[in-house]
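Report on the structure given below.
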Amino acid sequence: EVQLVQSGAEVRKPGESLKISCKGSGYSFTSYWIAWVRQMPGKGLEWMGIIYPGDSDARYSPSFQGQVTISADKSISTAYLQWSSLKASDTAMYYCARQGALGGRFDPWGQGTLVTVSS
Amino acid sequence: QSVLTQPPSVSGAPGQRVTISCTGSSSNIGGGYDVYWYQQLPGTAPRLLIYLNSNRPSGVPDRFSGSKSATSASLAITGLQAEDEADYYCHSYDSSLSGSVFGGGTKLTVL
């Protein structure tokens, strides 16, 4: 079974750093893109960026460029999303999703990681 | 403001048919890029409902169907059931942004 399992919920203070993860299984991790999608409370889905674990080629939405870093460790089939200095406005649910090609379907999705940033 | 435009809400009685529109532009849907639809049940992650404009993954009931024309796409749900109450999102690729874009989402209420 193809599966993406994300790390657990996190609570941080403004200004702190954070790295969340997404582990793939059941398929060739290096042959598919992994995307990150943000969903703020009560809002819709926003595409943040994407990485190809095979060569770590990462692309970012203009809205998120410079705000987050997407990386991957193919040796452990895991993709990451990280912040160097969190803001309260980063409070959201973050999903990872597998994508076969740029612009292709997102399937499957991880279960989501809730990030809460509060002083 | 989302690049793809969806109605915020639609509703229908059990057994009825509803459609959800997704309107884009020449840099995404109108540029020939495929459209995908996702269903997000309350408190859960989105799941793929329609791929490549009109195809259903295995396990998705044939009550769900998709279509695409010019700069827009539509999701139709026939024989509405209470379990269909969810948020629905369209997705495509945008050449101007060089990345994926989503619609703002449509909340389906089964009356």
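Details
- Label point 7 Å beyond Cα of A:A88 along Cβ direction - residues of region A:5-34 with amide nitrogen under 16 Å: A:12-16
- Shielding by other protein chains, B:72-84, mean Cβ within 10 Å: 0
- Cα-based shape type of region B:42-111, given that a ≥ b ≥ c are square roots of the gyration tensor eigenvalues and the cut on a/c is 1.5: prolate
- The listed residues A:E16, A:E1 rank as A:E1, A:E16 when sorted by accessible area, largest first, using a 1.4 Å probe.
- Measuring how big the protein assembly as shown is from its alpha-carbon positions, Rg and Dmax come out at 17.4, 51 Å.
- Average Cα contact separation per residue, region B:1-95, under 8 Å, 6 or more apart, as relative contact order %: 36 percent
- Point-to-point label distance, A:S25-B:L52, nm (Cα→Cβ direction, 7 Å offset): 3.0 nm
- Solvent-accessible surface (1.4 Å probe) assigned to A:S119 amounts to roughly 130 Å².
- Inter-chain shielding of A:37-44 (mean C-beta neighbours from other protein chains, 10 Å cut-off): 3
- Convex hull of chain A built on C-alpha atoms - directionally averaged projected area, nm²: 6.9 nm²
- Cα-based shape type of region B:1-85, given that a ≥ b ≥ c are square roots of the gyration tensor eigenvalues and the cut on a/c is 1.5: prolate
- Accessible area buried, both sides summed, chains A and B with 1.4 Å probe, Å²: 1500 Å²
- For region A:72-119, alpha-carbon Rg relative to the globular expectation (2.2 N^0.38 Å, N residues): 1.39
- Calculated translational diffusion coefficient of region A:1-69 (25 °C, 0.890 mPa s; Stokes-Einstein with Kirkwood radius over alpha-carbon pairs) equals 177 µm²/s.
- Taking the 1.4 Å solvent-accessible surface of region A:1-94 as the whole, the part contributed by carbon and sulfur is 47%.
- Region A:1-63, relative contact order in percent, only Cα pairs under 8 angstrom and at least six apart counted: 25 percent
- For region B:1-93, the per residue solvent-accessible surface stands at 45 Å², with DNA, RNA and ligands left out and a 1.4 Å probe.
The values are calculated or read from the model by the stated rules, or taken from the named source; none is laboratory data. Since this is a predicted model, take the numbers as computed values, not measurements. Virtual Cβ from ideal backbone geometry, glycine too; neighbours counted across all protein chains shown. Surface areas here come from the heavy atoms of the whole protein model, side chains and all, with no ligands, DNA or RNA. Shrake-Rupley method; radii C 1.70, N 1.55, O 1.52, S 1.80 Å.
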